[in-house]
Each structure stands twice: as C-alpha cells, then as structure tokens.
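The structure appears below as structure tokens.
The values are calculated or read from the model by the stated rules, or taken from the named source; none is laboratory data. Keep in mind it's a predicted model, so treat the numbers as computed, not measured. Don't worry about glycine lacking a Cβ; one is built from the backbone with ideal geometry, like all the others, and counts go over all protein chains shown. To get the accessible areas, we keep the full protein, side chains included, count just its heavy atoms, and leave off ligands, DNA and RNA. Shrake-Rupley method; radii C 1.70, N 1.55, O 1.52, S 1.80 Å.
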Amino acid sequence: MSRAASRPPSGSKPGPRSAGGYGAFIGIAISALVVLALLIVTRLEIYERTRWVRPSAEVRSNNFYALGQWLTENGHPVRFSPRWAGMKDLFPREGGLYVQSSLFDWEDEGLLPWVREGGSLIISIDNHWNGGDDDGLGALESILEGLGIRSLPPPDENSIPADDSIPADDEDPADDSSSAEEDETLDFGEEPLFFPNYDYQIAFEDLLSGPPPEGNLVLRDSAGTIRLIRRALGKGRVTVTGLCFFMYNWGLDEEVNARLAWELTGGSLGQERPGMLFIRGRRGAAGLFGNLSERGNLLPPVLSGLVLIIIGFWTVLAPFGLPEPEEPGLRNAIGSRFSTEARFLRRYGALRTYAETYLRELRRLSGGRALGPEINEVEEALAAGKRIGPRKTAVYLKNLMSALERI
C-alpha cells in the first residue's frame, strides 16, 4: 500500500484521540471558571459607596424645583415664570397660582373673580414688599382687609422665638428640628406633627370673629403668632403667608413641611384644572467663577494670569529708546550671496547665464520694439555661442540693466 493511500481523506472526521483532547480542554476551562467564581464569592466583598453630587444649576436657581417635580409626577403640571403679565399668563387648565407680592400687580381686577370661580391663590409676602414702606400694603392691603386679614409690622429680634431659626431669602437654613415645640402641634392627618418652617419676619392678625367658616385655615407658630391664613372666597381659596420656606427644596424633607405644601398646592386643585403657575424670582446660578470661588481663593490664579499677560505683551512689543546697531553681516547678507553665486558661475564659465536672463526679460517687456545697438551687440554675442570674458560680461550686464530701468 502506498503512503498516499495510508493517509485519511482531507474531509474525514477527527479520531477518538482528537475528540478526547478537546473534551479535556473544555473540562479544564470549566473547572477554572468554577474555582474563580468560588474565589470571587468567598473572598471579595461588594459594598455600596455613597458619593455626594452637587445640585444642578436649575435646582440651585429654583427653590421650588423639588415641589414642581413632585406635583408634576402626581398629575399636577407646574410652570414657573419670573413676572406677571396679566390673566392671559394663566392656562385654562391651571387652577393654582403662587405669587411673590413684590412681583405682582395687585391692581389687577381680574384676579379675585378668577379665585371665586374656583382658583387657588397663594400670596407669599417677601422681604422686599415688607421693607418699611410708609405707604403700607397699598392695593394688596385692601385685598387682605377685605378677606379679614391684617398684616402686622416686622417683629423685633427679641419677639422672635429663640428656638426657631430664621433662614435668609436665598440661603438654605440648617436642618434643625430642635425648634419644634411638642405642646402645640399641627395636624393634617392622623398623626400630630411639629411646626412647619415659617417666615418669622411676617405675621398677621385675624379680623374675623366667631367660628371660622368651612375652608378657612389659621396656622400659628410656637409663640402663638399667626404665620399663615387661608380664606375661602367663592369656589376658590386665598392663602397669605411670608416666604414659603416649607415649600423649598430643602424643606420638603420634613413631613410637616411636605404635608402643608401639598395641602396648599396639589390638595387644593381639582381634576378639571390640575395645573399650577409659580410667579417667583429666580436666583442666578453661581456659574464658572462662582463654582471656582467655592473651591478656594481666586486671587492667586487671577494675579498669575495677569502677570503672564503682561510678560507676553512685553515680549512682543517693540523696545523703547535708541535702536540697536545692526550687525554688518546682516546688512550685507544679500550682497554676499550674489557675490558667492557670481564667483561660482565665473569658475565654471557660466556668467553668460545672467546676461541671458536679463535679455529674456527685456524682450518680454519691450513687446518687439527696438532696443538699441548695445542690446543688439549682446544678442549677437550670445547667439554666436562663443566664450565671453568676465570684463565683457560685466559690460553687457550693465547695458542690459540700464535698458530695463528705461522701460
């Protein structure tokens, strides 16, 4: 039998020995994976790591961002606007309106009829509005007195409860619930709650006598001072208070603040008009320089940048005073170049290259006109093809250059 006949065909299947080799390799790989999985499960520990992330610019510039998201997710779409342009700003399906008193035109006669038709109005008296103006509340004061509400003058520092912190207009107060008094509580549900975060710069007097009508709400702080009043007006309601710290992003973490915020917003809106519009001032985000200043002092990098700018301008500006004398080598650089080139051409007897170049340019510029006997002599010498000496070449070049200057 020949050697070729003893070989298996090229398309034949591998033998048992080859299949066994693959099986052993697969078994080893599976075993290694099992051992690796056991090591990972028994030796490695997976734990969660909390990383603090700064709020976005939109959250920092809008104190009601969290409340807006909460209401929107629960079927009450929210819009924000920095100014009031009349009743046309309200959409037909918006039944709630929050306004800062300093941003609103209280002589708008269409506001109260809108409330009587079922609207829910929240009036936030900000510090700008209650800043000691001798004219008082003006048109807003008349509206409040018509509802049986009187605004009291700003309290003295000694009259503010010592346990209650007063946050600034644009600052987040510390998360401190120690100011709550346990003897007087606010109840919006089954469990009693502590006091919400009121604005202790704004206080009111209830002018109504007798039991409060249905829908009215009068809330006091731990000292018994009225901080929020809600009046029923027709089918709607009017709520007046100071700055609504209990509605701010940081305030909704407290259950008492969240319940009061919901009662005045989503809880007062019906299914026909579930939307709400906030007319409130917008605090600008810190921006690039604000973020940098929060991480350190900006003075060193600013001074370093100014020094670099001054040095850069100083290096590119022309020097002052008398100009420095130029080096002779720089002044005669072009002359030395041509002299070297002429010596090279003279050594190899090719000075006539200059004459041919000048003559060709002269013919182009003359346009076929007569160039004179000197130029004809040069043409005849170059056409003869004889060697021209350096002295004769210099004379020819002088004549050609003079003719170029005359054209």
Among the residues of the range 78-108, the number that are open to solvent by 40 Å² or more (accessible area, probe 1.4 Å) and modelled with pLDDT of 85 or more is 5
In the range 345-364, the residues that are open to solvent by less than 50 Å² (accessible area, probe 1.4 Å), over 10 Å from L397 (Cα atoms) and at pLDDT 75 or above:
L362
Looking at R231, R220, R237, which is the one that is of a type outside the set (F, W, Y), over 36 Å from the mean Cα position of the chain (by Cα) and buried (at least 22 other Cβ atoms within 10 Å of the Cβ)?
R231
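Quick check: is even one residue across the range 57-76 closer than 30 Å to E254 by Cα and at pLDDT below 80?
Here is the first cut: in the range 57-76, the residues closer than 30 Å to E254 by Cα are 57-76.
Of the ones still in play, those that are also at pLDDT below 80 are 57.
Scanning the range 57-76, I find at least one residue that is closer than 30 Å to E254 by Cα and at pLDDT below 80, so the answer is yes.
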Scanning the range 380-394 residue by residue, those surrounded by 15 or more Cβ atoms within 10 Å (Cβ to Cβ) and either among the acidic types (D, E) or farther than 12 Å from Y354 by Cβ (or both) turn out to be A381, K392
Looking at L208 and the list (1) farther than 25 Å from V59 by Cβ; (2) outside any loop (DSSP other than H, G, I, E, B); (3) of a type in the set (A, V, I, L, M, F, W, C); (4) open to solvent by 50 Å² or more (accessible area, probe 1.4 Å), which single condition is not satisfied?
(2)
What is the residue count in the range 27-73 for residues that are open to solvent by 60 Å² or more (accessible area, probe 1.4 Å), assigned to a helix (DSSP H, G or I) and of a type in the set (S, T, N, Q)?
4
